[in-house]
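Scroll down for the structure; my scribbles are underneath it.
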């Protein structure tokens, strides 16, 4: 049983003529007769009763005709849905991101994406970069902003984000043009818990001390919490440029020398197997980041 056979039967019933069916489908009349006969042989039951003037259906023919209409209508709707997807008129997308990306980068990307593809429903989920990597590996999100390296994932690098020391505005380091990571060993250090950023800072500090327990480390999960603690003089922080709030009073930021950088990327399980909406998101993100890097 083929879609062609079902379409011929449907057209025959609606036109009530083998000749008109052949003309409508641009085939010969004998091809119409052969198709109906072939379908009847396959089902081992008579479907069509005809004479010179009329075409009528047997009880079995009525059932086949009814189902044929449903199937062919479903195929037409499927083609319409696929066409809409190809033109990115409909669809859905799940994005994973960490906090500094959520604040500084993602809003601009989403604004441009929604302007161009208003029919695509975008959901985003915020966690640490390590959590985003885990979500990607488990297939919980389609795309995610991660910090490289991200094992088991394919990625498009977006930018390098330099680390800065952040201090209460009255701290002596605020008068410096740069500071070395070793100079922070004696300070209460606020770091991001469960993130590669915190691990990056810790690894650089550990290389500067004899014992890891020499580092006075305080962990927090939220950028706002860290900044407020720094502003109140509770500790100092080494955080990426993206995580430093714009126009924030009571703190200062000083470059770390030699530079410590994190590489931010947009990642997926497979870039080649992305949905059309996900590919469009990658394209818009890359274009947005080119502009972002020139103004940041």
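The values are calculated or read from the model by the stated rules, or taken from the named source; none is laboratory data. If you're wondering where the values come from, they're calculated on a predicted model, not measured in any experiment. Please note: Cβ atoms are built from the backbone with ideal geometry, for glycine as well, and neighbour counts cover all protein chains shown.
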Inset, instruction - Identify all residues within region 113-133 that are part of a helix (DSSP H, G or I) and surrounded by 15 or more Cβ atoms within 10 Å (Cβ to Cβ); write none if there are none. - result: 113, 129, 130, 131, 132, 133
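Scanning for something assigned to a helix (DSSP H, G or I), outside the structural domain of residue 244 (by TED's automatic domain parsing) and exposed (fewer than 13 other Cβ atoms within 10 Å of the Cβ), does region 88-102 turn up at least one residue?
Residues of region 88-102 assigned to a helix (DSSP H, G or I): 99-102.
Now restrict to residues that are outside the structural domain of residue 244 (by TED's automatic domain parsing): 99-102.
This time we only want the ones that are exposed (fewer than 13 other Cβ atoms within 10 Å of the Cβ), so: none.
Checking region 88-102: not a single residue is assigned to a helix (DSSP H, G or I), outside the structural domain of residue 244 (by TED's automatic domain parsing) and exposed (fewer than 13 other Cβ atoms within 10 Å of the Cβ).
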Legend entry - Among residues of region 160-216, those that are modelled with pLDDT of 90 or more and part of a helix (DSSP H, G or I), counted: 4
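Against the condition within 30 Å of residue 275 (Cα to Cα) and either surrounded by 12 or more Cβ atoms within 10 Å (Cβ to Cβ) or not assigned by TED's automatic domain parsing to the domain that holds residue 276 (or both), how does residue 85 come out, does it pass?
Numbers: within 30 Å of residue 275 (Cα to Cα): yes; either surrounded by 12 or more Cβ atoms within 10 Å (Cβ to Cβ) or not assigned by TED's automatic domain parsing to the domain that holds residue 276 (or both): yes.
Spelling it out, residue 85 is indeed within 30 Å of residue 275 (Cα to Cα) and either surrounded by 12 or more Cβ atoms within 10 Å (Cβ to Cβ) or not assigned by TED's automatic domain parsing to the domain that holds residue 276 (or both).
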Inset, instruction - Considering each of 61, 74 in turn, give the residue that is over 33 Å from the mean Cα position of the chain (by Cα) and assigned to a helix (DSSP H, G or I). - result: 61
Inset, instruction - Go through region 104-118 and give me each residue that's more than 12 Å from residue 284 (Cα to Cα) and more than 15 Å from the chain's Cα centre (by Cα). - result: 104, 118
Legend entry - Search result, residues across region 19-58 that are surrounded by 17 or more Cβ atoms within 10 Å (Cβ to Cβ), part of a helix (DSSP H, G or I) and either out of contact with any strand residue (DSSP E or B) (no Cβ under 7 Å at 6 or more places or on another chain) or at pLDDT below 85 (or both): 21, 22, 25, 32, 33, 35, 39, 40
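Which of the residues that make up region 1-18 are assigned to a helix (DSSP H, G or I) and in contact with a strand residue (DSSP E or B) (Cβ under 9 Å, 6 or more places away or on another chain)?
As a first pass, look at region 1-18 and keep what is assigned to a helix (DSSP H, G or I): 3-15, 18.
Those that are assigned to a helix (DSSP H, G or I) and in contact with a strand residue (DSSP E or B) (Cβ under 9 Å, 6 or more places away or on another chain): 9, 12, 13, 15, 18.
Looking at 110, 78, can you tell me which residue is assigned by TED's automatic domain parsing to the domain that holds residue 276, surrounded by fewer than 19 Cβ atoms within 10 Å (Cβ to Cβ) and without any contact (Cβ under 8 Å) to a residue 40 or more places away in the chain?
On the way: 78 fails: assigned by TED's automatic domain parsing to the domain that holds residue 276.
Matching residue, one of 110, 78: 110.
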